[in-house]
Amino acid sequence: MLSFVAGMVNITGVLSINTLTTNVTGHFAFFAEEFVQQDYSMALTYIVYILFFLFGAFVCGFFVEMMLRIKPRISHAFPMLLEMCILIAAALGGAFIDDQWLACMLLFSMGLQNALVTKVSNATVRTTHLTGLFTDLGIEISQLFFYKDNAERHKLSKSVYLRLAIILFFFLGCVLGGFLYKQVAFKSLLFAAAALLIALLYDNLRYGFHYYRRKLRSL
């Protein structure tokens, strides 16, 4: 679901303000290009984009660590709710917000999301960009030729399927987001916010289901 959201944010940023909004790798190249051409104002803009992504990751990490000490079960909820609020604000006010500020908002939200998934998965999964996923996928597919133990192959196969699913949902988010943007412009981000809400509700419902099932078994 989070990869699907990132795909929608990615295509919306490209179509609306012609800016990458889910990762910062390209912004380093754009910064270098503008710096070499002595357009220092635009070069500074790309540095600001990078810093907003970093700030989003910092805010997520800070609040997750704080909540882990207070109420661990909902430690991930605040970053997701904050990301939802940012996407809704961008969806409803995108046409009136300066392009650079809009890019900063979306980059901040993706910094939040990327840091959250990194924390939850112990740095094994990313959802806002695909470079690492394709690298890991290539490595794991190659390992299938060498790992013969059933338990090892099962674990490896699960990891391959997970990465394929994340890549597929990012792709679906991009395609659906592109079609929606053509129809409703920035309001396409409301669908991304709705997907986040579904993910958050599902996670809590699933936790509640297992929690009460264990309590009933212990009676």
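General observations
- The set of residues from segment 2-34 being farther than 21 Å from Gly93 by Cβ, surrounded by fewer than 18 Cβ atoms within 10 Å (Cβ to Cβ) and among the aliphatic types (A, V, I, L, M) comprises Ala29, Ala32.
- Checklist (1) in contact (Cβ under 8 Å) with a residue 60 or more places away in the chain; (2) assigned to a helix (DSSP H, G or I); (3) closer than 10 Å to Leu107 by Cα applied to Met8, failing item: (3)
- Scanning segment 88-102 for residues that are open to solvent by 30 Å² or more (accessible area, probe 1.4 Å) and in a helix (DSSP H, G or I) turns up Ile88, Ala89, Leu92, Ala95, Phe96, Asp99, Gln100, Trp101.
- Residue check for Leu106: modelled with pLDDT of 90 or more and open to solvent by less than 20 Å² (accessible area, probe 1.4 Å): yes
- Some residue of segment 37-51 being assigned to a loop (DSSP other than H, G, I, E, B) and either on the phi > 0 side of the Ramachandran plot or of a type in the set (Val, Ile, Thr) (or both): yes
- Residue within segment 153-166 that is open to solvent by 100 Å² or more (accessible area, probe 1.4 Å) and under 28 Å from Phe62 (Cβ atoms) present: no
- Restricting attention to segment 51-62 and to residues that are surrounded by 18 or more Cβ atoms within 10 Å (Cβ to Cβ) and more than 16 Å from Val120 (Cβ to Cβ), the residue that is farthest from the chain's Cα centre (by Cα) turns out to be Phe52.
- Leu172 fulfils the conditions (1) more than 15 Å from Thr22 (Cβ to Cβ); (2) at pLDDT 90 or above except for a single criterion, (1).
- Filtering segment 63-87 to residues that are over 15 Å from the mean Cα position of the chain (by Cα) and open to solvent by 30 Å² or more (accessible area, probe 1.4 Å) leaves Phe63, Glu65, Met66, Met67, Leu68, Arg69, Ile70, Lys71, Pro72, Arg73, Ile74.
- Residue list for segment 46-84, restricted to those being in contact with a Gly (Cβ under 6 Å, 6 or more places away or on another chain) and among the small types (Gly, Ala, Ser): Gly56, Ala57
- Top-ranked residue of segment 59-73 - restricted to ones that are free of Cβ contacts under 8 Å to residues at least 12 places away in the same chain and assigned to a helix (DSSP H, G or I), ranked as nearest to Ile17 (Cα to Cα): Phe62
- Counted residues, segment 125-138 - those being among the β-branched types (Val, Ile, Thr) and surrounded by 13 or more Cβ atoms within 10 Å (Cβ to Cβ): 3
The values are calculated or read from the model by the stated rules, or taken from the named source; none is laboratory data. Remember, predicted model here, so these are calculated numbers, not experimental data. Neighbour counts are summed over all protein chains in view; Cβ atoms, including those assigned to glycine, are modelled from backbone coordinates with ideal geometry. Areas reflect the complete protein model, heavy atoms only, side chains present, ligands, DNA and RNA absent. Shrake-Rupley method; radii C 1.70, N 1.55, O 1.52, S 1.80 Å.
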